[in-house]
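The values are calculated or read from the model by the stated rules, or taken from the named source; none is laboratory data. What you are looking at is a predicted structure, and each value in this text was computed from that prediction instead of being measured. A quick note on method: Cβ atoms are made from the backbone with ideal geometry, for glycine too, and the neighbour counts reach across all protein chains shown. Calculation scope for accessible area: heavy atoms of the full protein, side chains included, ligands and nucleic acids excluded. Shrake-Rupley method; radii C 1.70, N 1.55, O 1.52, S 1.80 Å.
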Amino acid sequence: HSFTPKGSNNREETQQQFLDWQVQKLHSDIYSRAIYFDTDRISAYQDYEAMDHSPEIRQALSIMRDECLTKNEYGEILQIYSDQERVKEVLKDLFFNKLNINYMLRLWLRDLLKYGDYFVYLQTDKDKGIVNVTSLPVGEVHREEGYDQDLGAVRFRWEGSSNLYLEEWQVAHFRLMEDTKRLPYGRGVLDAARKTWKQLQLATDAMLTYRLTRAPDRKVFYIEVGNLAEGDVKQL
């Protein structure tokens, strides 16, 4: 026989209520955090786009992209390993025939390095599986986690299509997760140089403004009068 002290059920119920409250607060905090970081994320994307117009940064991104896509001895960027031949054939058909991975991966990877995020919409068929993919604008897609008080719930909201909500299995979200600073999003390789780049732009603008404001004071105007003597000038 088990002995239950008087009042223990009340304590367990109180503890369970406290735990439930913590879980609900956690859901709310995670969802609010995702919404809060969206503002800074869009601002960072705009800086990355401006930085990409610099020749040095543009070339650096292309070099890193090419280093990630080195081919093997068979000339393949992506090599599939599996003990089952059927699995290999299905994956080869998916990546090489449907997704054209040898060409598309170059485009995906460069934007992934620049932004830290990349969203791909997966067009699926119940019989054929994935039949096509479409790249989504990174600045218009928002990842929402922990909505409806479900910690494991994930969905994507696309602003460019009248706030269309997409399920987790409809979108492939590639992200560079170096730390937890920007969760649930990734962090681009240009993020560390973002502050320095802004300081450089400010210094360049200040120097250009200084030169423009001081330029009229240093101008000297020369007027060609020829070889006329003083007497000739008086006669004229």
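Geometric descriptor of the stretch 106-186, per residue, is 116 Å³ (volume of the convex hull of the Cα atoms). Within the stretch 46-82, what residues put their amide N at less than 18 Å from the label point 7 Å along the Cα-to-Cβ vector of Ala206? Answer for this model: none. Estimated from the Cβ-Cβ distance and a Förster radius of 30 angstrom, the FRET efficiency linking His53 and Leu164 is about 0.45.
Computed from label points 7 Å out along Cα-Cβ, the spacing between Val131 and Ser82 is 2.1 nm. Computed from phi, the 3J(HN,Hα) profile of the stretch 111-125 under the Karplus parametrisation 6.51, -1.76, 1.60 (θ = phi - 60°) reads 5, 5, 5, 6, 8, x, 9, 7, 10, 10, 7, 9, 8, 10, 10 Hz, with x in place of Gly and Pro. Under a 5 Å amide H cut-off, with hydrogens placed 1.01 Å from N, Val171 pairs with Leu122 among residues at least 5 apart or on other chains. Annotation for Asp179 and Thr196: the two label points, set 7 Å from Cα along the Cα-Cβ direction, are 1.6 nm apart. Note on Thr209: accessible area is roughly 80 Å² with a 1.4 Å probe, heavy atoms of protein only.
Under 1.5 on a/c is rounded, so check that first for the stretch 87-226, then, if it is not, pick prolate when a/b is larger than b/c and oblate when it is not; a ≥ b ≥ c are the square roots of the alpha carbon gyration tensor eigenvalues.
On the way: a/c = 3.34, a/b = 2.31, b/c = 1.45.
It comes out prolate by the Cα gyration axes.
Too long at a 30 Å Cα-Cα cut-off: which of Lys88/Lys126; Lys88/Lys114; Lys71/Lys98; Lys92/Lys114? Mind dumping the intermediate values first?
Values: Lys88/Lys126 20 Å; Lys88/Lys114 32 Å; Lys71/Lys98 20 Å; Lys92/Lys114 28 Å.
Check vs 30 Å cut-off fails for Lys88/Lys114.
Over the stretch 61-161, the fraction of Cα-Cα pairs per 10 Å bin, rounded to whole percents and listed from the shortest bin up, is 12, 32, 35, 18, 2, 0. This model, with +1 at the C-beta of Lys and Arg and -1 at the C-beta of Asp and Glu, gives the stretch 51-205 a dipole about its Cα centre of some 360 debye. For Asp205, the accessible area of its heavy atoms, probed at 1.4 Å with every protein chain present, is near 90 square angstrom.
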